[in-house]
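This report refers to the structure that appears directly beneath it.
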Amino acid sequence: VWEQVARVPIFAALGVVTLSEIVGKLRTRYYPARVTVVRRGDAGDSMFFISSGEVEVRLPTGGSVKLSDGAFFGEMALLERQPRSASVATTRPTTLLVLYASDFYEIASHIPALAEAVEVEARRRREENLGRQAAGTKR
């Protein structure tokens, strides 16, 4: 898991001690191509970091966004404690690192840099999605 965590940019800046704590909480999951990882409306009880591979996030507006190595998803539902707002499926064989909500909040309580980085990205994506929805465009 350590090798896979090191590939995720959001973790790289956190330092070795922090990484060792995170590594202990992450679960590795392997998915073949064209498998749904999460469905819109599911409970937002975890977030995912892409160690390798690619996923397609199917937005409620009808558009989609592809994410690959180093990216993460599922953070909005986790942070807002709401059902998932989008479905996500693999486009090719993908290795994901899963961080469950309880572990995320435990780590975030004493490593605010992780929570802050995730919140910044969630805010950016929310604004991007709203802009896309207002413009009626697809990506």
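The values are calculated or read from the model by the stated rules, or taken from the named source; none is laboratory data. In this text, all values refer to a predicted model and were calculated from it rather than measured experimentally. Note that each Cβ is placed from the backbone with ideal geometry, even for glycine, and that neighbours are counted across all protein chains shown. Each accessible area value is taken on the protein alone, full model and side chains, heavy atoms only, with ligands, DNA and RNA left out. Shrake-Rupley method; radii C 1.70, N 1.55, O 1.52, S 1.80 Å.
Odds and ends about this structure:
- Probe 1.4 Å, all protein chains present, accessible-area order of Leu79, Leu96, largest first: Leu79, Leu96
- Solvent-accessible surface ranking, highest first, for Leu14, Leu97 at 1.4 angstrom: Leu14, Leu97
- The calculated FRET efficiency for the pair Arg40 and Leu19, based on their C-beta separation and a Förster distance of 30 Å, comes to about 0.40.
- Averaged per residue, the range 18-139 has 50 square angstrom of accessible surface, using a 1.4 angstrom probe with ligands and nucleic acids left out.
- When +1 charges are put on Lys and Arg Cβ atoms and -1 charges on Asp and Glu Cβ atoms, the dipole computed for the range 1-102 relative to its Cα centre reaches about 300 debye.
- For the range 25-65, the square roots a ≥ b ≥ c of the C-alpha gyration tensor eigenvalues yield an a/c of 1.5 or more together with a/b not exceeding b/c, which makes the shape oblate.
- Label-to-label distance, Arg92 versus Glu80, with points set 7 angstrom from Cα along the beta-carbon direction: 3.1 nm.
- Atom-type composition of the exposed protein surface of the range 1-109 places 50 percent of the accessible area on carbon and sulfur (1.4 angstrom probe).
- With every protein chain in place and a 1.4 angstrom probe, the accessible-area ranking of Thr36, Thr95, largest first, reads Thr36, Thr95.
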